[in-house]
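Visitor: Here's a structure for you.
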Amino acid sequence: MIEPIEYSIESTGRKWFEWKELWRYRELFYFFTWRDIKIKYKQTVLGFLWAILQPLFMMLIFTFFFGRALNIPSQNLPYPVYVFSGLLIWNMFSAGLTSASNSMVNNALIIKKIYFPRLIIPVSAILVALFDFLMAFILFIGILLYYQQPVSWLFILIWPLSLLVAMVATLGLGAWLAALNVKYRDFRYVIPFLVQVMFFLTPVIYPISMLNYPVLKYLLACSPMFAAVELFRFPLTGLLPDPIFMALSLTSGLLFLIVGILYFKRTEDFFADFA
Amino acid sequence: MKPILEVQHIGKKFRIQHLAGGYLSLRERMVNALKFQDNEVEDFWALKDVSFEVQPGESIGIIGRNGAGKSTLLKILSKITPPTTGRIISRGRIASLLEVGTGFHPELTGRENIFFNGSLLGMKRKEIESKFDEIVDFSGVEKFLDTPLKHFSSGMQLRLAFAVAAFLEPEILIIDEVLAVGDAEFQKKCLGKMEDVSKSGRTILFVSHQLGMVSQLCKNALLLEGGNIVQIGRAEEVINSYTRSYSSNNVFVNELTDQNKVYSINSVKPLNARMEITSNFAHNELITLEVIFSAKQNLLNTNLLIAVNNKNGQRIFSADKALNDLITVQNQNRVLLRIPSETLTPGSYSFFVAIHCPNTMSYDSKDLICPFTVFDNGSAFVQYENKWFYGDVFVKCEWEFFSI
């Protein structure tokens with residue numbers, strides 16, 4: 001034996017976060033993400049192109065109906081740029097949340113047969129969504145060039161920050177729903193509905209300034225994705241979002257993260273019994 | 001030297017919920033919460049106060065009937081599910097093989113699956129890379145490495161899966177029944193590999209229903225029954241007492257003796273060498289059948305026939321004996337038939353007993369009685385166990401080789 005390791009297996013005690021263990025298993029994050037990306041685009045002719053085509057078609061549809069037909073204002077941006085910038089970050093959230101929530105159930109066979117820190121599974125699901133985001137981001141740059149959209153240099157700072165906010169929001173909700181889904185499969189049906197509702201409550205296809213009721217604005221700002229979307233557009237519009245709304249949204253994102261991870265850690269020991 | 005694994009008073013409780021669906025539904029939870037009552041639950045202890053120690057380099061077999069708690073114990077040891085009570089102290093890295101090919105995905109290629117599966121089993125990427133050629137070599141599927149797994153035959157998938165597992169190098173290896181699959185040649189290869197592993201000083205915990213394999217691979221064994229440890233000790237002893245305890249009601253007793261019959265078979269019992277009733281024999285154990293019958297008359301030309309049926313009810317062989325002057329009409333007659341050791345191959349059998357006048361009539365006959373099984377206790381054919389049917393009987397043949 002090279003490294004004498006001693007540890008004990010006990011009935012569930014109070015345990016918080018095992019960073020060390022996660023670090024030991026770091027390669028598994030990579031392998032799960034890598035596997036899921038491979039599987040996702042296996043036997044597709046277009047492969048990774050789908051990651052680009054999906055938001056592109058969505059953008060075209062929204063531009064036609066909301067931009068042209070309904071004439072929805074889009075701050076000071078061309079509507080396609082407005083909607084694509086929102087969709088880009090939103091899609092990461094919705095795809096990440098959906099697959100993270102179902103990830104534990106989908107990997108039940110593995111969970112029942114082998115031990116590893118369970119958190120790796122939902123996190124990897126989100127990393128897959130991040131990969132798709134990066135693919136679509138290439139198209140986003142193309143769109144920016146096409147519309148000759150001026151971009152503030154702050155994007156170097158703001159875009160990663162916005163991405164981080166979006167990932168925190170995804171992980172918090174995703175881990176929570178993943179754990180709940182293992183125990184109560186009802187959540188499988190709740191998730192698509194939840195994502196749909198949140199889509200309309202987040203200023204992806206319309207600006208929040210369109211709303212005339214201040215109470216409603218506060219309510220919308222409670223969505224953890226509000227901050228991510230507004231931040232992401234900031235280098236394009238140059239319009240600084242309301243700090244109160246931002247604070248509300250960031251706080252709710254952090255709250256979801258804490259609650260989500262806590263619930264996940266508290267129940268993860270019994271996943272194998274329930275899955 | 002400190003034990004590498006200390007299992008202290010482990011217990012595992014499951015709640016059996018009496019629900020219609022397999023899993024909890026939120027509606028039921030909420031309805032019950034409104035009614036201020038809990039779901040009807042019943043506690044079930046899959047393991048109760050299990051304690052044992054494993055020394056470094058020891059290989060220990062875990063045996064017991066289905067539902068004895070073997071798999072639960074392995075799951076707790078591999079950290080998949082926590083124990084309800086007690087604790088385990090481990091002084092080495094545990095790798096568990098509760099299944100080969102965990103995480104194998106049909107859409108991924110053989111190469112990709114090796115990496116993913118290896119990583120799941122706890123190998124580092126560099127470790128997999130360095131052993132990659134050996135793994136591929138061991139599996140023998142190099143031609144198909146870049147083919148999606150779904151185009152593999154099930155045998156090939158298994159070889160690949162086992163090849164990855166065979167190159168695990170933890171201090172403690174936990175194996176659950178995984179050898180029960182695969183073709184004969186490959187299984188032999190795996191057994192050899194596992195023997196190497198145990199000889200190299202690693203600790204192995206091995207669960208199997210194939211007692212032959214347990215005795216071949218493990219020095220010691222522990223017997224679980226109803227969640228308790230019944231016995232720990234040398235593998236042969238534990239296996240023996242397990243097979244003895246297995247003997248259930250396999251005795252044939254004819255309670256409704258027909259008074260009109262000239263001959264009637266009253267009881268039939270399979271016995272082991274110690275003359276104990278059993279239904280489980282080692283392949284190299286003497287099988288004795290005791291038949292008790294009564295005769296009202298001693299008719300001429302009457303034979304006692306005892307035959308062995310295989311699991312499909314086909315006769316394998318018969319023993320026929322003319323009774324003539326061997327019996328009495330006053331008392332019951334007791335006959336012992338001995339089947340030499342190493343006659344029947346591992347499998348399930350039953351007896352056919354008849355008292356008859358050859359080719360004319362049967363006075364009394366009982367078919368498919370006293371079911372019994374024969375297990376492999378390390379025969380030359382152990383490698384084929386559950387893989388390939390090599391026949392119902394062992395025959396001592398002679399070989400002669402010439403160079404021409």
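Visitor: If you average the sequence gap of Cα pairs under 8 Å that are 6 or more apart and divide by the length of the stretch A:1-154, what percent do you get for the contact order?
Guide: 31
Visitor: Right, another one. Quick check: Cα centre of the stretch B:253-309 to Cα centre of the stretch A:73-96, how many Å?
Guide: 86
Visitor: Inside 10 Å of the C-beta atoms of A:105-117, what's the mean count of C-beta atoms belonging to other chains?
Guide: Taking all residues of A:105-117 together, the mean is 5.
Visitor: Dipole of the stretch B:252-384 (Lys/Arg Cβ +1, Asp/Glu Cβ -1, origin at the Cα centre): which of B:Leu336, B:Asn303, B:Gln383 lies farthest to the positive side?
Guide: B:Asn303
Visitor: Determine the relative contact order of chain A: mean sequence separation of Cα pairs under 8 Å and six or more apart, normalised by residue count, in whole percent.
Guide: 26
Visitor: Quick one: among B:Arg65, B:Arg111, B:Arg27, which has the greatest mean-square fluctuation in a GNM of chain B with alpha-carbon springs under 10 angstrom?
Guide: B:Arg27
Visitor: Where both partners of a DSSP beta bridge lie in the protein assembly as shown, what percent of those bridges are antiparallel, to the nearest 5?
Guide: About 75 percent, rounded to the nearest 5.
Visitor: With charges only on Cβ, +1 for K and R and -1 for D and E, what is the dipole size of chain B about its Cα centre, in debye, rounded to 20?
Guide: For chain B, the charge dipole is close to 820 debye.
Visitor: Output the 0 to 90 degree angle, nearest 10, between the alpha-carbon long axis of helix A:155-183 and the longest principal axis computed from the alpha carbons of chain A.
Guide: Roughly 50 degrees, rounded to the nearest 10.
Visitor: Which trypsin sites (Lys or Arg not before Pro) from the stretch B:311-359 combine a DSSP loop assignment with at most 15 other Cβ atoms within 10 Å?
Guide: B:Lys311
Visitor: Using only the alpha-carbon atoms, how far is helix A:49-62 inclined from the longest principal axis of chain A? Give it as 0 to 90 degrees, nearest 10.
Guide: Around 40 degrees separate the two axes.
Visitor: Give me a single rounded figure for B:6-16: the average over its residues of other chain Cβ atoms within 10 Å of their Cβ.
Guide: For this peptide, the per-residue mean of nearby foreign Cβ atoms is 1.
Visitor: Same structure again: Can you tell me the order of A:39-47, A:137-145 when each peptide is scored by its average per-residue count of other Cβ atoms within 10 angstrom, highest first?
Guide: By packing density, highest mean first, the sequence is A:137-145, A:39-47.
Visitor: Next up: Dipole of the stretch A:219-275, Cα-centred, from +1 at each Lys and Arg C-beta and -1 at each Asp and Glu C-beta, to the nearest 20 debye?
Guide: It works out to roughly 120 debye.
Visitor: On to the next question. For the stretch B:130-145, just list the computed ³J(HN,Hα) in residue order, Karplus coefficients 6.51, -1.76 and 1.60, θ = phi - 60°, integers in Hz, with x standing in for Gly and Pro.
Guide: Per-residue couplings from phi come out as 6, 9, 3, 5, 5, 4, 4, 4, 4, 6, x, 10, 4, 5, 10, 3 Hz.
Visitor: Another one. Please list, or write none, the lysines whose alpha carbon is within less than 29 Å of the alpha carbon of B:Lys366, excluding same-chain residues fewer than 8 places away.
Guide: By straight Cα distance, B:Lys366 reaches B:Lys261, B:Lys269, B:Lys296, B:Lys311, B:Lys321.
Visitor: With +1 assigned to the C-beta of every Lys and Arg and -1 to the C-beta of every Asp and Glu, and no other charges, what is the dipole magnitude of chain A about the Cα centre in debye, to the nearest 20?
Guide: 400
Visitor: On to the next question. Among the listed pairs B:Lys199/B:Lys396; B:Lys12/B:Lys70; B:Lys2/B:Lys199; B:Lys131/B:Lys193; A:Lys40/A:Lys183, which have their C-alpha atoms separated by more than 22 angstrom in this model?
Guide: From B:Lys199/B:Lys396; B:Lys12/B:Lys70; B:Lys2/B:Lys199; B:Lys131/B:Lys193; A:Lys40/A:Lys183, over 22 Å: B:Lys199/B:Lys396; A:Lys40/A:Lys183.
Visitor: Could you tell me the relative contact order of chain B? Use alpha-carbon pairs under 8 Å, at least six residues apart, and round to a whole percent.
Guide: The normalised contact order for chain B reaches 15 percent.
Visitor: So between B:Glu169 and B:Arg315, what do we pick up on full extension, going 0.36 nm a residue minus the alpha carbon distance?
Guide: Contour length minus Cα-Cα distance gives 47.7 nm.
Visitor: If each DSSP helix of 4+ residues adds -39,500 (n - 2.57) and the sum is divided by the residues in chain A, what number results at 222 nm, nearest 500 deg cm²/dmol?
Guide: -23000 deg cm²/dmol
Visitor: At 0.36 nm per residue, minus the direct Cα-Cα distance, what do A:Glu21 and A:Gln148 gain on full extension? Give it in nm, one decimal, please.
Guide: That pair, A:Glu21 and A:Gln148, stretches by 41.0 nm at full extension.
Visitor: Here's a follow-up. What's the FRET efficiency of A:Arg266 with B:Asp367 using the Cβ-Cβ distance as r and R₀ = 60 Å, to the nearest 0.05?
Guide: Once the sixth-power term is evaluated, E becomes 0.50.
Visitor: Nearest 10 degrees, 0 to 90: what angle lies between the long axis of helix A:187-201 and the longest principal axis of chain A (Cα atoms)?
Guide: 30
Just so you know, all these numbers are worked out from the coordinates, no wet-lab data involved. Computed from a prediction, not measured in an experiment: that's the story for all the values here. We place every Cβ from the backbone using ideal geometry, glycine too, and count neighbours over all the protein chains shown.
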